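Chemist: The structure is given below, and queries will be raised subsequently.
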Amino acid sequence: MADVMAHTDSSPALHGLMAEFETPTALVSAAERARLAGYRHMDAYSPIPIEELNEALGLRRTRLPMLVLLGGIVGGMSGYALEYWSQTMAYPLNIGGRPFHSWPHFIPVTFETTVLGAALSAFVGMWALNKLPMPYHPVFNVPAFVRASRDRFFLCIETTDPRFDRHATAQFLQSLHPVGVTEVAQ
Amino acid sequence: MADMTHTPPADIDLYRSRALKIGGVGLLACAIGFVVDRDHFFRSWLIAYLLFLAIALGSMGLMMIQHLSGGAWGVFRRIFEASSRTLPLLAVLFLPVVLGMHSLYPWTHPDHVAEDEILRHKAAYLNVGFFLVRALIYFAGWILITWTLTKWSRQQDEGDMSVNIRLQYLSGGGLVFYTFAATFAAIDWIMSINPHWYSTLFGFLFVGGHGLAALAFTIIVSTYLAQHEPMSGVLKPHHFQDLGKLSLAFVMLWAYFNFSQYLLVYAANLVEEVPYFIARTSHGWQYVALLLVVFHFAVPFFLLLSRDNKRNPYRLVWIAVALLVMRYIDLFMLVTPEFASTGENLHLLTGEHASSLFVHWTDLAAPLAIGGVWSWMFLTQLAQRPVMAVSDPYLREALESSGGH
């Protein structure tokens with residue numbers, strides 16, 4: 001609450017400062033320059049995927065592929081274990097004189113549960129790592145932000161960044177030649 | 001893009017003469033093999049021949065898919081074209097297989113067919129005359145398709161955009177012809193070595209092998225081109241990532257088809273089908289089978305999962321080289337366990353016989369001979385045209401895009 005009190009003299013608490021750009025190229029170069037200027041707590045918003053942004057923002061690689069791999073391995077092992085347990089221990093059946101542990105027959109189920117485990121961990125992992133569902137996010141307080149899903153590109157430097165300074169950061173964003181710079185209310 | 005003519009790199013002639021020298025040495029060794037150990041020579045020649053035919057036919061298939069799909073991988077079109085334009089040479093290199101029919105295929109022996117009821121029933125299809133007519137049809141069709149497509153592609157380079165739709169129509173029909181012809185070729189040239197055995201998946205396995213061989217070869221050539229002007233400015237990590245992703249898909253396809261074939265035979269447990277797998281899982285051949293499971297599937301599968309391995313051509317190219325070697329071993333495994341270590345086809349020998357793991361020196365000579373001559377032909381074709389299809393309607397997208405596919 002102390003933080004809020006400090007700002008009550010002029011305006012409500014800030015989430016950050018947002019600059020609006022007209023092209024993806026301008027956004028990428030702005031993000032690059034912000035990173036070079038030392039900013040780390042920032043995010044970019046774009047209506048289309050821009051692969052170069054990950055590097056420009058200095059984002060660390062997502063851990064999702066590792067989660068999916070683990071999910072696949074766990075899924076596959078459980079599928080095989082289920083087959084092994086049911087066919088050799090719980091309810092062994094003699095089928096055409098084949099051994100109870102006929103591993104080639106277990107592979108299709110193992111494959112399916114591998115895919116299931118990987119797909120489920122991709123789905124759940126994607127939601128969890130993105131902290132979804134998220135019913136409220138401060139960036140939507142900026143009226144112009146509706147165009148982030150249509151034809152405008154935004155870069156938001158957040159107040160949690162150690163280098164964030166209300167005036168210096170605003171000046172810095174202005175130097176990137178955006179359409180405009182807006183304060184984002186908390 | 002300073003150089004709009006896209007002339008191929010200058011040192012291509014150096015590699016051409018090297019390839020021809022290697023091919024010459026290999027051919028000499030093969031000639032000796034033909035004289036001293038004819039049965040082994042024919043078997044080795046067939047295996048090596050199938051490897052390089054796979055690269056050419058796979059490239060033809062990928063070229064047609066690229067015409068149909070468009071998209072960012074158009075930068076590889078000239079490699080596919082040069083590689084499939086080696087088909088006339090491959091038609092000539094098929095002649096030793098025709099010469100060696102009596103060594104390779106038991107159904108070419110009339111006395112053997114007369115004694116074998118199953119072969120008597122199959123004689124309407126498996127006879128020398130029809131075999132040759134079919135081979136003629138396959139090659140005529142493949143060469144005609146390749147020549148027409150590459151001719152139109154050349155016209156497209158010169159600015160004739162009316163060919164664009166024709167390229168797509170012929171590619172659609174051409175893919176159907178290619179797949180059918182390759183399925184029958186697989187039956188004729190590999191499956192009929194053991195004329196009692198049959199598998200309905202065999203043609204798809206053959207075609208899937210073409211795709212993988214062609215992709216691995218394209219990765220190797222692209223890595224070379226990416227080091228030189230004019231392609232050094234064009235080929236980006238995401239292009240290699242695309243080739244890597246497709247290779248991963250074909251590695252999985254190979255494993256999927258092979259396992260499906262194995263599982264069906266294992267489940268049915270029929271006396272006509274199981275000897276094929278018994279031969280390949282005993283007498284030393286089981287080690288080759290294990291090698292294939294590990295290095296044709298498991299290891300490349302996990303290596304190709306990694307994004308870094310796919311985007312770095314210097315890592316990807318080693319995976320590609322290894323995959324080509326594994327393609328050769330896979331073809332070796334399809335053919336060789338049907339032969340005795342003396343070189344005769346097992347099915348021609350009277351009584352019970354089993355093949356024990358063996359490798360003959362001609363198995364090294366034949367890939368050198370065909371590989372050398374074939375590479376010379378490929379490089380000659382590659383040098384004749386701009387290394388990029390400059391009027392590909394999707395080229396702008398290919399050069400700019402870096403994601404979203």
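The values are calculated or read from the model by the stated rules, or taken from the named source; none is laboratory data. Since this is a predicted model, take the numbers as computed values, not measurements. When we count neighbours, we look across all protein chains shown, and the Cβ atoms used for this are built from the backbone with ideal geometry, even at glycine. Heads up: the accessible areas ignore ligands, DNA and RNA and are worked out on the full protein's heavy atoms, side chains in. Shrake-Rupley method; radii C 1.70, N 1.55, O 1.52, S 1.80 Å.
Chemist: Scan the range A:1-22 for residues that are at pLDDT 90 or above and open to solvent by 60 Å² or more (accessible area, probe 1.4 Å) and jot them down.
Modeler: Correct list: A:GLU22 only.
Chemist: Looking at B:LEU291, B:LEU215, B:LEU246, B:LEU253, can you tell me which residue is open to solvent by less than 30 Å² (accessible area, probe 1.4 Å) and touching a residue at least 12 places away in the same chain (Cβ under 8 Å)?
Modeler: B:LEU215
Chemist: Working only within the range B:239-295, note down all residues that are touching a Ser or Thr at 6+ places or on another chain (Cβ under 8 Å) and among the small types (Gly, Ala, Ser).
Modeler: B:ALA279, B:GLY284, B:ALA289
Chemist: Sort out which residues of the range A:90-121 are under 22 Å from A:ARG63 (Cβ atoms) and away from chain B (no Cβ under 14 Å), and write them in order of number.
Modeler: The answer is A:LEU116, A:GLY117, A:ALA119, A:LEU120, A:SER121.
Chemist: Here's a follow-up. Are any residues in the range A:47-86 surrounded by 14 or more Cβ atoms within 10 Å (Cβ to Cβ), outside any helix (DSSP H, G or I) and within 12 Å of another protein chain (Cβ to nearest Cβ), and if so, which ones?
Modeler: A:ILE50 - this is the single residue of the range A:47-86 that is surrounded by 14 or more Cβ atoms within 10 Å (Cβ to Cβ), outside any helix (DSSP H, G or I) and within 12 Å of another protein chain (Cβ to nearest Cβ).
Chemist: Which of (1) touching a Gly at 6+ places or on another chain (Cβ under 8 Å); (2) open to solvent by 10 Å² or more (accessible area, probe 1.4 Å) is the odd one out, the single condition B:ILE65 does not satisfy?
Modeler: (1)
Chemist: Among the residues of the range B:81-99, how many are part of a helix (DSSP H, G or I) and open to solvent by 10 Å² or more (accessible area, probe 1.4 Å)?
Modeler: Residues that pass the stated criteria total 9.
Chemist: Another question, then. Go through the range A:35-46 and give me each residue that's surrounded by 13 or more Cβ atoms within 10 Å (Cβ to Cβ) and aliphatic (A, V, I, L, M).
Modeler: Selection gives A:ALA37, A:MET42, A:ALA44.
Chemist: Out of all the residues in the range B:265-280, which are at the interface with another protein chain (Cβ under 10 Å from one of its Cβ atoms) and either free of Cβ contacts under 8 Å to residues at least 40 places away in the same chain or within 18 Å of the chain's Cα centre (by Cα) (or both)?
Modeler: If the condition is that a residue be at the interface with another protein chain (Cβ under 10 Å from one of its Cβ atoms) and either free of Cβ contacts under 8 Å to residues at least 40 places away in the same chain or within 18 Å of the chain's Cα centre (by Cα) (or both), then B:TYR266, B:ALA267, B:ALA268, B:ASN269 are the ones that fit.
Chemist: Now a separate question. Any idea which of (1) open to solvent by 10 Å² or more (accessible area, probe 1.4 Å); (2) in a helix (DSSP H, G or I); (3) among the small types (Gly, Ala, Ser); (4) touching a Phe, Trp or Tyr at 6+ places or on another chain (Cβ under 9 Å) is the one B:SER232 doesn't satisfy?
Modeler: (4)
Chemist: Here is a further query. Keeping to the range A:128-186, report how many residues are within 22 Å of A:ASN54 (Cβ to Cβ), open to solvent by less than 90 Å² (accessible area, probe 1.4 Å) and free of Cβ contacts under 8 Å to residues at least 24 places away in the same chain.
Modeler: Residues in the range A:128-186 being within 22 Å of A:ASN54 (Cβ to Cβ), open to solvent by less than 90 Å² (accessible area, probe 1.4 Å) and free of Cβ contacts under 8 Å to residues at least 24 places away in the same chain: 5 in total.
Chemist: Consider A:SER102 carefully, then state whether it is hydroxyl-bearing (Ser, Thr, Tyr), touching a residue at least 24 places away in the same chain (Cβ under 8 Å) and surrounded by 15 or more Cβ atoms within 10 Å (Cβ to Cβ).
Modeler: It is false that A:SER102 is hydroxyl-bearing (Ser, Thr, Tyr), touching a residue at least 24 places away in the same chain (Cβ under 8 Å) and surrounded by 15 or more Cβ atoms within 10 Å (Cβ to Cβ).
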